[in-house]
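Shown next, in structure tokens, is the structure this report addresses.
The values are calculated or read from the model by the stated rules, or taken from the named source; none is laboratory data. From a predicted model like this one, the values you see are computed outputs, not experimental measurements. Heads up, the Cβs are rebuilt from the backbone with ideal geometry, glycines too, and the neighbour counts pull from every protein chain shown. Keep in mind that these areas ignore ligands, DNA and RNA; they rest on the heavy atoms of the full protein, side chains included. Shrake-Rupley method; radii C 1.70, N 1.55, O 1.52, S 1.80 Å.
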Amino acid sequence: MPIPVKKVPVQLNSNTPTPLTSEELQKQLNNVGLTCSDTDPKKLKEYINEVKGQLPVGAVQTYGIYAPQQGEQKSNRVYYRSEFQLEQLAESGYSAEVVYAGLAKSSEGNWEPSNTGAGYSTELSYIQYPEHFDYLYNNKPGFTGVKDVQPPYTGRYSTVDAIKQLFVQVGTNASSVLVKGLDKDSIESVLSNAIAPLDDTQVRDYDKSDNRVIFLVDNYNPGKEECDGIGVLTINWRLVIKDYKKKKEALKHDTTLTITARAVLYSDLDSLYSDKAFVESHFKDKLFRVSNWLVRGIPIKPSKVEIFTNLPPANKETFDKSLPKIAKENFVEVIVLYSPDLDNIGCLDNTNSDASSSYSVSVAQGFTFTTSQSFSLEFSYEASAEIVKAGFKIGFNLTFTEQWSTTTTETIQFSAPAGTKAFTYQGYLLSAILRYNPSDQTYKYVEYGKLKTNIVTTTRTPIEEASS
């Protein structure tokens, strides 16, 4: 008896993908300053049919086609349009805050989510964002995402041929990143408004980048409200046409078309929920951030993690405030830090001496779990706490980076002048590994240990004994 194939439940309504029409194409061309005979609707219809004939035929359909949402413009910021926009700003020497404001519908797909079925678009929006996707791609075993970065397409074309090249290559690359390819009507919908207007139509060169985020559904059965998989495809392109408005007969323009695509399809929801939790636990307050290297002089501040007074409940709130780990399995884990305290690591009694003396001790720093813990180099995390004991107040300020992945040993030397005593303490935190299991949406503690910190303090009199 064959093993039944697991399906993904989703509620979608039938929809008609947006067609690429000669009227709409003419409007787009006019918006960028092209009004030559090649933009006559009859000719454009021929061009559209020519492009359609070169588009691949695929099976994966769509239930939403989106573009980055724009907002109120300010002189010191621009809204994210695509990854290539960052390159354009850098090339021009322009420095600005780049804002990502989410997604807005660009055109229609084969389906659309029903009133009761969101279609997992929230989770997939997290996954598709470039820095989130790259982090999963580089750090999470089992992540099935695919990236396609081809060398730029270059050549000399007439302006119309260059735009046809844009349509064909965007459609082809979008389809090729999926094993089953992308539905042809959906490709046409993506292309229905692909020619981005210029901010200044008097410029000599056409140089514009754009982006589409496409929610995917594989083999949807409307009767059973289930499918073989759901996913997301993101495609970015940048088209540069030199002297694009020159109209000399048979004139060819230097043209460069750069395209990147990435996609992931989920055949089970456990993997989707696991990937989203992995992204959330790592990025915390940096979710949907745009690379800040364009904003001169503004450093990326570390994310905050909390040191709890006592072991907190095993739940999402605790998970979100704790230190993320690199995933090794489908589940996602964080390290919960709590109960800051001090361990006495030495006492130097020099009360009966007329000369100062010193003492050295080897001190271990790091986690005491049975296995080593791995952290990302991409971000650092800060945690702070305060210990008040027997009249002493000692502050903890820790910055977690990749160095905490391994336990290290350091020799500490302390001294006491003649006739005095010196008591030396090392700060520590209790720690526990909190695991999120996407298969049943539960949180559970799976191991307990200590974090021996690099915080060392010396006192003249003994502090109340630390708890074990």
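Per residue, the chain reaches -6000 deg cm²/dmol at 222 nm when only DSSP H runs of four or more residues are counted, each adding -39500 (n - 2.57).
For the range 77-169, the relative contact order comes to 18 percent (Cα pairs under 8 Å, sequence separation of at least 6).
Only Cα pairs under 8 Å and at least 6 apart count here; give the relative contact order of the chain as a rounded whole percent. Can you show the working numbers first?
Details: 1008 pairs, mean separation 75.3, N = 468.
Relative contact order of the chain: 16 percent.
Taking every pair of alpha-carbon atoms in the range 186-243, give the share separated by more than 13 Å as a whole percent.
Values: 1177 of 1653 pairs.
Result for the distance tail: 71 percent.
Assigning unit charges at the beta carbon (Lys, Arg +1; Asp, Glu -1) and nothing else, what dipole magnitude in debye, to the nearest 20, does the chain show about its Cα centre?
Working: 48 positive and 56 negative charges, 147 e Å.
That gives a dipole near 700 debye.
Here LYS105 is the anchor, and the aspartates and glutamates within straight C-alpha reach of less than 16 Å, apart from those fewer than 8 places off in the same chain, are GLU188, ASP210.
Across the range 151-259, Cα pairs under 8 Å and at least six residues apart give a relative contact order of 37 percent. Our summary of shape: the Cα atoms of the chain have principal axis extents of 105, 63, 34 Å, ordered from largest down, in whole angstrom.
If the limit is 20 Å between Cα atoms, which of LYS286/LYS316; LYS6/LYS184; LYS147/LYS321; LYS208/LYS242; LYS276/LYS452 go over it? Too far apart for the 20 Å limit: LYS6/LYS184; LYS147/LYS321; LYS276/LYS452.
Peptides 339-352, 424-437: what's the order by average Cβ count within 10 Å, highest mean first? Walk me through the numbers before you get to the answer.
Details: 339-352: 16.1, 424-437: 21.7.
Ranking, from highest mean packing down: 424-437, 339-352.
The alpha-carbon of LYS246 sits under 18 angstrom from the alpha-carbons of these aspartates and glutamates, leaving out residues fewer than 8 places away in its chain: ASP38, ASP40, ASP161, ASP200, ASP205, ASP207, ASP254.
Straight Cα distances below 15 angstrom link LYS304 to the aspartates and glutamates GLU280, ASP285, GLU317, ASP320, GLU378, GLU382, with same-chain residues fewer than 8 positions distant left out. HIS253 exposes around 10 Å² of accessible area when a 1.4 Å probe is run over every protein chain in place. The order of the peptides 442-450, 103-111 by mean Cβ neighbours within 10 Å, most packed first, is 103-111, 442-450. Within the full protein context, the accessible area of GLU225 is estimated at about 80 Å² for a probe radius of 1.4 Å.
Could you put ARG238, ARG204 in order of accessible surface area, largest first, with the 1.4 Å probe and the full protein assembly present? Before the final figure, lay out the partial values.
Numbers: ARG238 25, ARG204 165 Å².
Reading off the accessible areas and sorting them downward yields ARG204, ARG238.
Leaving ligands, DNA and RNA out of it, rank ASP40, ASP207 by accessible area with a 1.4 Å probe, largest first. If you can, show how the numbers build up before the last one.
Working: ASP40 70, ASP207 50 Å².
Output order, biggest surface exposure first: ASP40, ASP207.
Rounded to two decimals, the Cα radius of gyration of the range 129-172 over 2.2 N^0.38 Å is 1.70.
Please list 144-152, 6-14 highest first by mean number of surrounding beta-carbon atoms within 10 Å per residue.
On the way: 144-152: 13.6, 6-14: 15.6.
Ranking, from highest mean packing down: 6-14, 144-152.
Quarter the surface of the alpha carbon convex hull of the range 253-365 and you get the mean projected area, 16.4 square nanometres. Residue ranking by accessible heavy-atom surface, 1.4 Å probe, largest first, among TYR126, TYR79 comes out as TYR126, TYR79.
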